[in-house]
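One structure is given here, and the rest of the page talks about it.
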């Protein structure tokens, strides 16, 4: 029961998906991050489902593109985008560490955050529109025809798997909500659990996908996943080097970059 509660607690905390069951069990709070990858799978399935729905009712491609690139931020209640903006403000300030940490905690939005979001949206829109045009012109609208948009299902899974591992295994910043009390050991078993859950979800989806789609489209999925994981790792390492620790804001920063880069890779492979 504790694990079921932890899943719905994670779903309620890290998404804006309507759910009538919103339990809170303080004893299950530390398990919320473990269920980030399954929450990512729900997010990805809805993302792909929205694409299919819009495609079937023939919504213009630019409008479809706008909805698809805004969806990841809307479905999460902008929680990860908020972390992206806060971290971008802190890192790009190029100030001493103490000032960067102060900026990271500052609720006000700075110029660097606004500029970073503008750049993010431009790249995401251009990349998603490229993919949509290629899929439309090829008329590859069904899974059996090798639709590269299947990658939308797995992008949120891999980025949230990376986030859970980074937060659970990394050194938390002093103000991080994930900072543990002195003397409390790291939940190594939970780090392993989140790794296995994420890996199992990815392998299961890939196995199903590769069994029913053509080889060309099948190979694009793991390449997009590798791009998302690689971009996440690079963004997180860069942020940790600058700020000397991990927090929820940094996880949101790296997750946003990872998902954006995955769309760029998808465009390059389309």
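What to note about this one:
- Segment residue 233..residue 169, full-extension length gain: 21.7 nm, with 0.36 nm per residue of separation and the alpha-carbon distance subtracted.
- Sites residue 16 and residue 241, calculated FRET efficiency, Cβ-Cβ separation with R0 25 Å, nearest 0.05: 0.20
- Spin-label pair residue 24-residue 115: with each label point 7 Å from Cα along the Cα-Cβ axis, the two points sit 4.0 nm from one another.
- Full-extension gain in nm, residue 136 to residue 102, via 0.36 nm per residue minus C-alpha separation: 7.5 nm
- Using 0.36 nm per residue and subtracting the Cα-Cα separation, the extra length available between residue 122 and residue 57 on full extension is 20.8 nm.
- Using the Cβ-Cβ distance between residue 71 and residue 3 with R0 = 35 Å, the FRET efficiency computed as 1/(1 + (r/R0)^6) comes to roughly 0.80.
Bear in mind these aren't lab numbers, they're just calculated from the coordinates by the rules spelled out. All of these numbers come straight from a predicted model, not from anything done at the bench. Cβ: placed from backbone, ideal geometry, glycine included. Neighbour counts: every protein chain shown.
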